[in-house]
1. Scanning for something in contact with a strand residue (DSSP E or B) (Cβ under 7 Å, 6 or more places away or on another chain) and within 30 Å of residue B:512 (Cβ to Cβ), does the range A:342-359 turn up at least one residue?
2. Of the numbered conditions (1) within 16 Å of residue B:221 (Cα to Cα); (2) out of contact with any helix residue (DSSP H, G or I) (no Cβ under 9 Å at 6 or more places or on another chain); (3) assigned to a strand (DSSP E or B), residue B:253 satisfies every one except a single condition; which is it?
3. Determine whether the range B:610-632 contains at least one residue that is out of contact with any strand residue (DSSP E or B) (no Cβ under 8 Å at 6 or more places or on another chain), within 14 Å of chain A (Cβ to nearest Cβ), surrounded by 13 or more Cβ atoms within 10 Å (Cβ to Cβ) and farther than 22 Å from residue B:53 by Cα.
4. Looking at A:371, A:381, A:320, can you tell me which residue is closer than 29 Å to residue A:242 by Cβ, in contact (Cβ under 8 Å) with a residue 40 or more places away in the chain and more than 35 Å from the chain's Cα centre (by Cα)?
5. Given the condition surrounded by fewer than 17 Cβ atoms within 10 Å (Cβ to Cβ) and touching a residue at least 60 places away in the same chain (Cβ under 8 Å), answer yes or no: does some residue in the range B:230-250 qualify?
6. What residue, of B:558, B:499, is assigned to a loop (DSSP other than H, G, I, E, B), more than 8 Å from chain A (Cβ to nearest Cβ) and touching a residue at least 12 places away in the same chain (Cβ under 8 Å)?
7. Pick out the one residue from B:559, B:597, B:504 that is under 24 Å from the mean Cα position of the chain (by Cα) and at positive phi.
8. Give the range A:89-130 a look and list any residue that's closer than 22 Å to residue A:199 by Cβ, touching a helix residue (DSSP H, G or I) at 6+ places or on another chain (Cβ under 7 Å) and at pLDDT below 85, or say none.
């Protein structure tokens, strides 16, 4: 129960008005202060973190230093610890940023002090550093971090503690940890649950957060009917295969590798790289292409982007313009088609309006797409290879004029830092990732509040 | 009945000679009124009239009978055949070796079973459909033999019989009838069975215009391994009326001796293992132009007529098999003890026998009613014009192909009558005359070909499915023993599975049954429905009044019982049920046409129910007609028949009611949308969609 709200209720009853106002002011003064301290304590997110309905009393319910000198020292220590924790990670990171080093830092902190002093700040610092160490999607690491909290200290022991917000900073820190897991799509396991119960008790805010995650995550786990695999294949050919199958969405479609990527040394000693050319075509598309009027040109168009998690790949299509209305041939009904029953009735009756449940759909006439391909090098020579490969299975293509309508577009954007031809990894730049994560943070908080 | 017969008798003297080419019939015609011609216009459209909610009782009542002499004739045929099948045929061995031994085949030839329906002048037995059905009951005791014979005569040589010229008949039929030559029917090609577009075999005319060269291959050809003569369908180039060259299908008689024919390895099948099914390929096989059946480019009609007529061959097969099974199984159930009681004392076992008896009874009734209708001569008149005008009445129902009118459609309603063929059991009578005439009443015109209505098809669907259920129930009575090869049940089970598949799968046949009727009803009701849609108050009130009447439980009286009734009073309740169903069916059909119009072709689930109801209605008619006759003339055990008939009719009545309810708009019983959705989702993924019940998400 929030103190301010309590007071407001009192106000509504109508007595103690002046003192109430003072109290409210006091609370208002205090709240930004706490928020400020939070920001200084951990600047993971560029905004004030979501708070429980903190009250001055609760704020005080932290382990209160007994004498002022110690309090002062403590504050210095805290300030220091803020630096040291970050520093600790930085120092370790000089060697290598891996899961092992991260775990070592956590171990060092846990062993240093039996009371785990400054663990909240440490956990905030650790959460912030996780993506740097590449452990932001590792459940065991999150559990290890949870384990940093001292056990049983924050579990409310009587109904009054239970009623008010017991150890709000710690609970908030626990919730923050769970929230980071949520943002990265990591589902806590039984171990996390046991830890939370040990640390905060079974009706605490982190526990509620845990329960909410466990309610929604499984429900949404399979919400996407077209899931992208967590681990995308490294090999560009395999990646192209996967992407093409994803675009085509036709179980009959067949992927053909027209050229494997390879490097060759020419006679003059130059190194020549052959890009991979992978195409896909379904039997329906082959049929369409066979029916295509050879006097009308077909177009090779692209590149078009396709995003797979953090990778962007580009594909090209072979298409034609939609048929002009005068060339359209209606499939006429052949009465000598079926030996056993009439395929059409010779009646002058149409479907009744009441039984016509079709929607009024505006059909936009689009030209047919005959095939798609992916290659690392979108120049005409490479794409020509694809077209000549297609000609083997589609003889009509030899008689149809083929026009290349290629855009240079996104190729320029990629720049020099292109890791592999044809696709690039955007997650390379740290800053960019952080922005993404942060945005996610804000979004999720906005929703939750 | 008697008056009809008298008329028929007197007319037969006049017309018998004209239309009967069968020598034997010519001599016996006075004694055999059933095989001759009646001249008054008869309305044959029984099943079609059901679509309009009418019962044409003259059509199915009384149950068709045969004369005493014919009965003796049949019995004299049946006795040796039955003896042969029980003593000489070793079905187990045929099944095991996947081959019919030559001595068995020779025995069949000696009995004349290769030419059951070939006219006697060509050396066949020249039996009527009724007699054929009777023999079919026995032949079906061995599935492999039944299929071999059916492939030979029900479809293999039918082309020559229906549409062949005199020379072709004289040249080929005698050898085919004696079994010296075996025939096969080569239509299906890789692709699909019913789709004419899948036929890719080419016949090209040689330069001297005397021979066609056949190229291509056919699959699933019964008797394909050893047939000496084949009816082959191939594409030929035909110049159409508008001068454009088109590929059209033509039928050819191809002898194996022509050369260029190779047969593939026999298929290894689930059942009917003794019959030979294989691929046949033609490589530049020369066929003389004289061997074209019908006209060049007219193969589609020939194929369709053969297929339509061939369906009857299996009508009675099911009942023959089940009757035999009941005997065998009852023997076991009566002697086997369990918990100190006979198996036959347990209710669940008793139920199985009731099901089998009922099914056998219904199938038998349907088969012989159909055969009787087909045998009833249906050619009213010798004048072409009259025939044309009555085509709608003639075509029909019941008579397989009583009349096959070839009309080339010029424009709406006006046709040129090119040929007119009467097909009875006597073969084909052909007349050709070019008479332009108006024929607005010609319906069912597909590609200039008039189709006979499917009573045999109704029988076929019912008996194939009933047969499958009964054989499976019989096997169940024996439990584990029935599953072993020591007993013939598993073989029967395997063999009878084919009945649901060949000569058009039951799904295709249901479409045929429903759509043909819908087309007929649609033609008649179009005007009325249009008026209704325009908001004609009179028609709407009439509809409303009828619906109100139905809702208030007005009794439907279609005249089956009562003063002019044709059903015995002992079956009056069942007859009332039939009448009620028919009336309900008629209004449902009208409603469906109102709602869907010609787009009903797309609504297969609705058509399936329409076909099912129609099959049940026809089955009810058949049992009522048969049992009425049995009571009236006092046949042995007719009370049992009455019991079976009443049970079946009640059962069918409630089933029909359920289906008809499903056909109403917004009926909660109708799950079609869900069914379609389930299928769509499964087919989209091409796999079973659900997660495993043991799967977890966390």
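The values are calculated or read from the model by the stated rules, or taken from the named source; none is laboratory data. Since this is a predicted model, take the numbers as computed values, not measurements. Methodologically, a virtual Cβ is constructed for each residue, glycine included, from the backbone with ideal geometry; neighbour enumeration extends over all protein chains shown.
1. Restricting attention to the range A:342-359, the residues satisfying the condition of being in contact with a strand residue (DSSP E or B) (Cβ under 7 Å, 6 or more places away or on another chain) are A:342.
So of that shortlist, the ones also within 30 Å of residue B:512 (Cβ to Cβ) come out as A:342.
Within the range A:342-359, one or more residues are in contact with a strand residue (DSSP E or B) (Cβ under 7 Å, 6 or more places away or on another chain) and within 30 Å of residue B:512 (Cβ to Cβ).
2. All conditions pass for residue B:253, except number (2).
3. So far as the range B:610-632 goes, no, none of its residues is out of contact with any strand residue (DSSP E or B) (no Cβ under 8 Å at 6 or more places or on another chain), within 14 Å of chain A (Cβ to nearest Cβ), surrounded by 13 or more Cβ atoms within 10 Å (Cβ to Cβ) and farther than 22 Å from residue B:53 by Cα.
4. Numbers: A:371 fails: more than 35 Å from the chain's Cα centre (by Cα); A:381 fails: in contact (Cβ under 8 Å) with a residue 40 or more places away in the chain.
When all the criteria are applied, what remains is A:320.
5. No, the conditions are met nowhere in the range B:230-250.
6. B:558
7. Values: B:559 fails: under 24 Å from the mean Cα position of the chain (by Cα); B:597 fails: under 24 Å from the mean Cα position of the chain (by Cα).
Matching residue, one of B:559, B:597, B:504: B:504.
8. Matches in the range A:89-130: none.
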